[in-house]
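Q: Got a structure here, written out as structure tokens. Questions coming.
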Amino acid sequence: NSLPQQFELIADSAMELALNASAKRYKPGVELIPRKIVKRH
């Protein structure tokens, strides 16, 4: 069972991390992206 991902949120987060890293403002850590749970009937 695969849960749907929030690809826009993941892309935004990745872009922000990349821009910060290129500006030498990167702080190591864990980025949490919440998953949406969809129940199927």
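Q: Any idea which residue in the stretch 8-34 is modelled with the lowest pLDDT, counting only those that are more than 9 Å from the chain's Cα centre (by Cα) and surrounded by 11 or more Cβ atoms within 10 Å (Cβ to Cβ)?
A: For the stretch 8-34, the residue satisfying everything is TYR26.
Q: Quick one: is LYS39 in a loop (DSSP other than H, G, I, E, B), over 16 Å from the mean Cα position of the chain (by Cα) and at pLDDT below 80?
A: Yes.
The values are calculated or read from the model by the stated rules, or taken from the named source; none is laboratory data. What you see is a predicted model; the values in this text were computed from it and never measured. Cβ atoms come from the backbone with ideal geometry, glycine included; neighbour counts cover every protein chain shown.
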